[in-house]
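Undergrad: Before I ask anything, let me first share the structure, which is written out below as structure tokens.
What follows is calculated from the coordinates using simple rules that are stated; it is not laboratory data. Just so you know, these numbers come straight off a predicted model, no measurement behind them. Here the Cβ positions follow ideal geometry from the backbone for every residue, glycine too, while neighbour counts run over all protein chains shown.
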Number of protein chains: 2
Amino acid sequence: MTSRPGPESLRSLFWPRSVAVLGASNEPSRIGGRPIRYLKEGGFPGPIWPVNTKGGTIQGLPAFRTLDELPEAPECLIVAVPAPAVCDAVESAAKRGTRAAVIFSAGFAEADAQGKLWQDRLVKIAAETGCRIVGPNCLGLFNARHGYAPTFTASLDHGHPKPGVVGMVSQSGAYGSHLFVLTRDRNIGMSCWLTTGNDCDVDVADTIAYFADDPDTKVIAAYVEGIKDRDRFMSALERARSAKKPVVMMKVGRSAVGAAAAVSHTASLAGSDVVYDAALKQLGVHRAETTEEMLDVVYAATHGIFPETNRLGIVTISGGAGVLMADAAERYGLDVAPMPEAAQARLKAILPFAAVRNPVDTTAQFFNDMGLVTEFTRTILAEGGYGAVAVFVTAIPRNRETGGKLKAALAKATADFPGRLLVLCMLATPEMTQEYEAAGYLCFEDPSRAVMAIAALNRFGRSFARGNSSPPPALPAAARPIPKGAALGEAEAKALLASAGIGVAPESLARTADEAVTAATSLGYPVVLKVASADIPHKTEVGGVRLNLGDAAAVRAAFDDIMDRARKAKPAATLDGCLVAPMITGGAETILGVVHDASFGPVVMFGLGGIFAEVLKDVTFRVAPFGLDEARAMIREVKGFPLLDGARGKPKLDQEALAKALAALSVYAAANAGRFRSIDVNPFIVRESGAVAVDALIETK
Amino acid sequence: MTSRPGPESLRSLFWPRSVAVLGASNEPSRIGGRPIRYLKEGGFPGPIWPVNTKGGTIQGLPAFRTLDELPEAPECLIVAVPAPAVCDAVESAAKRGTRAAVIFSAGFAEADAQGKLWQDRLVKIAAETGCRIVGPNCLGLFNARHGYAPTFTASLDHGHPKPGVVGMVSQSGAYGSHLFVLTRDRNIGMSCWLTTGNDCDVDVADTIAYFADDPDTKVIAAYVEGIKDRDRFMSALERARSAKKPVVMMKVGRSAVGAAAAVSHTASLAGSDVVYDAALKQLGVHRAETTEEMLDVVYAATHGIFPETNRLGIVTISGGAGVLMADAAERYGLDVAPMPEAAQARLKAILPFAAVRNPVDTTAQFFNDMGLVTEFTRTILAEGGYGAVAVFVTAIPRNRETGGKLKAALAKATADFPGRLLVLCMLATPEMTQEYEAAGYLCFEDPSRAVMAIAALNRFGRSFARGNSSPPPALPAAARPIPKGAALGEAEAKALLASAGIGVAPESLARTADEAVTAATSLGYPVVLKVASADIPHKTEVGGVRLNLGDAAAVRAAFDDIMDRARKAKPAATLDGCLVAPMITGGAETILGVVHDASFGPVVMFGLGGIFAEVLKDVTFRVAPFGLDEARAMIREVKGFPLLDGARGKPKLDQEALAKALAALSVYAAANAGRFRSIDVNPFIVRESGAVAVDALIETK
């Protein structure tokens, strides 16, 4: 068993020296015929070896009857024979020296139990030989830079991909083809394309990691239905971010119906959708909701300019369009900040009835004086401090005369601002659009889509700029591991969390009413009493909690009452006594939690207490571990945030103490992955100074 | 002064018997030249009379030097002379018999004070003569059915509109042209198009009302920046709904920046955006956020099928697309309900590894057996009970052979279901798309956009089906009008609301501590005391409220204390004493309010009390008056609704009493429009049985 090969091993897939096609067909539209046809069409420079039991000549090439007859092991083997014959063939080739195999054949894990066994064997072959296996049940791949296309997708019938910078990987063959066709239709160039089929070895994470290293790839697009290895997935995305390569991902299965369909469609586990949202946001990935959005962002990203500021300047020749774009900017989080006063005054002097604040609007007056377009655009570029400038020109470019003048006027305005993101919103023919693109503009028909794409580029820019956000804090040396399997009482859970650096309200275990009174006197009245028993996780249900006890008599009575009720409700429970804690008032109740997500492992949740979490589902998530930056972002993300920030005349609470607790919890949860089902710190009370856990529950595994 | 002419008066604009162009130009690309050129190109059958002080021949037609020289008044006059000359010309023509004028000239209210005076005069001319005036500062209009285009938009250079069923009106000339170009590019046919310019007479409401009556128009599209006359606007939209004509509206100015730009750009008042949202939803209008969405919904609506059920059936040849579409369906409120078990079993028997629940997926197996497409599609149409069925076929139609087979397979499946909404998601050439459209399919490239459009058609279907929702209740005969100008105390405000049929907590005015004790004893303890003074609207600020008073002594002390504090805080206030009311506990605090919106007049707000309204802005609006159906919908719309419906183990509260109060308040507010600035009923406590106002404030005008 060798260790998993690095991303560079995928080179044998994307650009091998030699290729054999097992199950080759003379018929160029059949599954075994298409890859040979495409390899020939693309002018593959190495040997192409068709293998077919009938031998003879296949598409003009001499065919071999068996793999053994080949002069040497092909670097890459394409497999298009029925499932029962696949494993032996791949194993024998891999042992002879084949470095990669692309398996078109279906009838594996997606089909039945026998297929699952065959697929397991493929996994083993890959692991043992280091031969990288794509599929089975996949549509293959292509490398557009070299015209190399070992695939049987029929979408190449209507044209090969244009070489370019987009690397694409898809867990769905059909949808991967669909995306490729759209990409080609929009004249976006690609580097490589790969469909993972049943994901037995090469998966989305491997492919993204390869693209992150591949100098030909600048933009990464991925269609994902589910992931199996969070660490590789996340590290591949981190690798892409470090390389400043934007990743645009479509992860389907948001809805209940959609997720059910995703699970039935693939063999993978679809993680809870909010966790995907959180994880992808953490990793700087643009998650696209629609195919159109995916293509829009991919197209925009190929331009290679990622503004770090969210300030957007807008130039229009129609006030209506400016309003529309300002609305879209707000929707997508861009700031249509006003121009400096002086610049506004100067433009106003040039055209008194123009809008000059931002959006700036030349009005139809530009028909009479094209210099207005130059002056307005140059001013907004030079003086507005905008990361991106969008110019709305409707269908003017279509008009030969006015369009020509407009192009010249814009060229004059933008000449001094290379590297600035310039976006044109216009209605034009594809040929005209290409001319404008060649001149350095991103071009969109729909102004709202243009604004959406600009916002995406800005988010990439900020993600690239910050690099990694603040690292997770170190796990305190004193942190005690969660004991596996043991049922934990509240006191033990809080002691563990305290060892991990999370603030916990002082408390004392009292075994008798006398001890309770002593503890209360030492802690200070009023106090709270709670039954202490590892066998009673939900204390209020048995009447095991009494609040606001003001004196010794009240404490004594409460102790006896609690023990009495607990004994009656849970006769078999071992009762340790009662926890005595000071009654904490004021501040805000929050909930910190950790769940073990099927896809992403320990995931930390944050929300405000009461109706916020329960009724409004106003909570937010992050994959553990994370640092203070992410924790601060979580706190600001919930809708109830104003309640922590001085809303309704209340004091501003200690958000920094809360952030530290969240980061510490994330580190502790990550260190204890696999040892617990869930952690709940509820309530975690945030005060004007400091924040403490008042109750906690750890469900061990 | 005549009363405002009805919608039929716009016929003189859209299809007059004779046209004169004042300021006609021989140069066909100039403002005064284009309408003549377009009228000639379109073969206008009536006389076209160019008017230009130079006389001679203009574009081959004999020109007149003045309007007076014309043989008779043109039914419609196109005006393209400088602003100072406009009013006299229009007035003289109108007096001679001209029924409509389209004023291209700028330099009116959008320019300066003199322009505003001229525009006011145009308003007067229209009102006095009944001559309908479009503009000034507008781009004109066209009637595509007759090739009649009195406009100077350059967008006609690239082709005249295709005749069809879409009527379009725009408050922005440039954006109206942009929308027209997009409509033509997408091969959508139009009936009429009109830009309102400065809206001096003919406005969006007039035009929508005309389209509602116009037999050529089946779908109405409007671009709106602000409205001035809510009654005409709303009744035009109701007229369209009664005629079962869907209205798709883009109302820009959502964002703060956008709204500011909208106001500076036009002379109209942009209403608060949430109120627009509420009003348009109430009227069954589809409010489009983006131009693309507008065109998508308009395109879909031209198909003329508006399903009343939101059940969506999905057929795919790729599982991934099905998941994506199911996600989109959830986002847009469609129900991807499963197929009946028997139908699922039958499809499973045909293709064991197919998805058969909904989405149903033939998998790539359809390549081998096109009958699967027929069988799956027919089954979902026949047995699923779906209002619409969407079929995803990626780029298959492009392939001559497979595409041909697919088309035949679909035709076979759908033949027995005329009138059912069938939507194809496919990548095809425009020619192929037209073939499919001719065969009865709606065609979209992007599956998410297809789902969005289906949802819009479904909302239209429901809106048409319900007709008017339940009518507003009658104003109670005992309802007293809000006294104009007077400052109202709490007691008076509540008495007015009680007269309008809104439940109010019993209370009693006590002028002395003794009276307070008597009242408390009669109401039952505990009670609440509140200072009674029309001069103290915010009672808590002066310490004028005391809660939960349990006995006579407490009441007596509280009375004296309140009066004392009030006297000190507001020495000039007239103090009537204290209101004594029972302390109401339990139930949920809600807020009912009415604001006077600049665009829509009295608008009723509903929300839950506390953080919901204040921190979370979790409130909803309706234009007053409305009936119980709308009131019930409001209650269910807020996110905090579960708190009224038994969340967190609490009892279900009396939502019907709440709905009645909302409807009664809306009727009272409408009847008192203009008499108040705002009404606040806060809190309005909803209990398990019944609901009462505990405090109320009416700001009079």
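Undergrad: Calculate how steeply helix B:371-383 sits against the longest principal axis of the alpha-carbon atoms of chain B, using the helix alpha-carbon long axis, and give the answer as 0 to 90 degrees to the nearest 10.
TA: Tilt of helix B:371-383: around 40 degrees.
Undergrad: When the Debye formula is applied to the Cα atoms of chain B, each taken as the same point scatterer, what base-10 log of I(q)/I(0) results at q = 0.05, 0.06, 0.09 Å⁻¹?
TA: Listed by q, the Debye log ratios stand at -0.35, -0.49, -0.91.
Undergrad: Which aspartates and glutamates, if any, have their Cα less than 13 Å from the Cα of A:K245, not counting same-chain residues under 8 positions apart?
TA: A:D213, A:D214, A:D216
Undergrad: Mind checking the mean number of beta-carbon atoms from other chains within 10 Å of the Cβ atoms in B:175-182?
TA: So the per-residue partner count for this stretch is 5.
Undergrad: Could I ask something else about it? Need the C-alpha centroid separation for the range B:11-60 versus the range A:131-147, integer Å.
TA: After rounding, the separation between the Cα centres reads 64 Å.
Undergrad: Mind giving me the FRET efficiency for A:E688 and B:T540? R0 is 25 Å, r the Cβ-Cβ distance, nearest 0.05 is fine.
TA: 0.55
Undergrad: Return the distance in nm (one decimal) between the two label points of a simple spin-label model at A:K617 and B:S235, each offset 7 Å from Cα along Cα→Cβ.
TA: If labels sit at A:K617 and B:S235, their model points lie 4.4 nm apart.
Undergrad: Sticking with this one: Need the full-extension length gain, B:K701 to B:A85, defined as separation in residues times 0.36 nm minus the C-alpha distance. One decimal, nm.
TA: Taking 0.36 nm per residue and subtracting the Cα distance, the gain is 217.5 nm.
Undergrad: Quick one: Karplus J couplings for the range B:31-37, per residue in order, coefficients 6.51, -1.76, 1.60, θ = phi - 60°, nearest Hz, x for Gly and Pro?
TA: For the range B:31-37, the Karplus curve yields 4, x, x, 4, x, 5, 4 Hz.
Undergrad: Then there is this: Taking a label point 7 Å out from Cα toward Cβ, give me the nm distances from B:R186 to the same spot in the other copies, shortest first, one decimal.
TA: Values, ascending and in nm: 1.8.
Undergrad: Shifting gears a bit: Assume the label is 7 Å from Cα along Cα to beta carbon: what separations in nm does B:P352 have to the matching positions in the other copies?
TA: The answer, with the shortest distance listed first, is 8.4 nm.
Undergrad: Please give the charge dipole size of chain B, origin at the Cα centre, charges +1 on K and R Cβ atoms and -1 on D and E Cβ atoms. Round to the nearest 20 debye.
TA: Rounded to the nearest 20 debye, it is 700 debye.
Undergrad: Which of the residue pairs B:K162/B:K251; A:K494/A:K652; A:K348/B:K116; B:K281/B:K660; A:K639/A:K701 have a Cα-Cα distance greater than 23 Å in the structure shown?
TA: B:K162/B:K251; A:K494/A:K652; A:K639/A:K701
Undergrad: Rounded to whole Hz and in sequence order, give me ³J(HN,Hα) for the range B:95-106 from the Karplus expression 6.51 cos²θ - 1.76 cosθ + 1.60, θ = phi - 60°, writing x for Gly and Pro.
TA: Residue by residue, the range B:95-106 yields 5, 7, x, 5, 9, 7, 9, 10, 9, 6, 3, 9 Hz.
Undergrad: Relative contact order of the range A:570-701, please, whole-number percent, based on alpha carbon pairs below 8 angstrom and at least 6 residues apart.
TA: Once divided by the residue count of the range A:570-701, the mean separation gives 27 percent.
Undergrad: Averaged over its residues, how many other protein chain Cβ atoms are within 10 Å of peptide A:633-640's Cβ atoms?
TA: Per residue, the number of nearby Cβ atoms from other chains is 1 on average.
Undergrad: Which lysines have a Cα less than 29 Å from the Cα of A:K54, not counting those fewer than 8 places away in the same chain?
TA: Cross-link targets: A:K40, A:K95.
Undergrad: Next up: If you take the square roots of the eigenvalues of the alpha-carbon gyration tensor of the range A:405-545 and sort them as a ≥ b ≥ c, do you get rounded (a/c under 1.5), prolate (a/b over b/c) or oblate?
TA: Since a/c reaches 1.5 and a/b is larger than b/c, the shape of the range A:405-545 is classed as prolate.
Undergrad: Dipole of the range A:538-632 (Lys/Arg Cβ +1, Asp/Glu Cβ -1, origin at the Cα centre): which of A:L608, A:G593, A:A553 lies farthest to the positive side?
TA: A:A553
Undergrad: Work out the charge dipole of the protein assembly as shown with +1 on the Cβ of Lys and Arg and -1 on the Cβ of Asp and Glu about the Cα centre, then indicate which of B:A428, B:Y332, A:T290 is farthest towards its positive end.
TA: Value computed over the given set: B:A428.
Undergrad: When a/c is below 1.5 the answer is rounded, else prolate if a/b is larger than b/c, else oblate, so apply that to the range A:516-602 with a ≥ b ≥ c taken from the square roots of the Cα gyration tensor eigenvalues.
TA: Oblate shape, in that a/c is at least 1.5 and b/c is the bigger or equal ratio.
Undergrad: Which far-off residues, 5 or more places away or on another chain, put their amide H under 5 Å from the one on A:W49, with H placed in the peptide plane?
TA: Placed amide hydrogens put A:V19, A:A20, A:V21 under 5 Å from A:W49.
Undergrad: Here is a further query. How many nanometers, to one decimal and shortest first, lie between the label point of B:G385 and those of its other copies, if labels sit 7 Å from Cα toward Cβ?
TA: Output for B:G385: 6.1 nm, nearest copy listed first.
Undergrad: Using alpha carbon centroids, what distance separates the range B:326-364 and the range B:448-514, in Å?
TA: Comparing the Cα centres of the range B:326-364 and the range B:448-514, I get a distance of 45 Å.
Undergrad: If you don't mind, there's one more thing I want to ask. Mean shadow of the protein assembly as shown, computed from the convex hull of its alpha carbons, in nm²?
TA: So the mean shadow area of the Cα hull is 60.2 nm².
Undergrad: Relative contact order of chain A: what whole-number percent is it, with Cα pairs under 8 angstrom and at least 6 residues apart?
TA: 9
Undergrad: Follow-up. Taking H placed 1.01 Å from N in the peptide plane, check which residues at least 5 places from A:A221 or on another chain put their amide H under 5 Å from its amide H.
TA: Amide H neighbours of A:A221, under 5 Å, 5+ apart: A:G167, A:M168, A:V169, A:V248.
Undergrad: Additional query: Cross-link candidates for A:K568: which aspartates and glutamates have Cα within less than 16 Å, leaving aside residues fewer than 8 places away along the same chain?
TA: Reachable aspartates and glutamates: A:D535, A:E541, A:D560, A:D576.
Undergrad: So, with +1 on the Cβ of K and R and -1 on the Cβ of D and E, and no other charges, what is the size of the charge dipole of the range A:165-258 about its Cα centre, to the nearest 20 debye?
TA: Dipole of the range A:165-258, to the nearest 20 debye: 440 debye.
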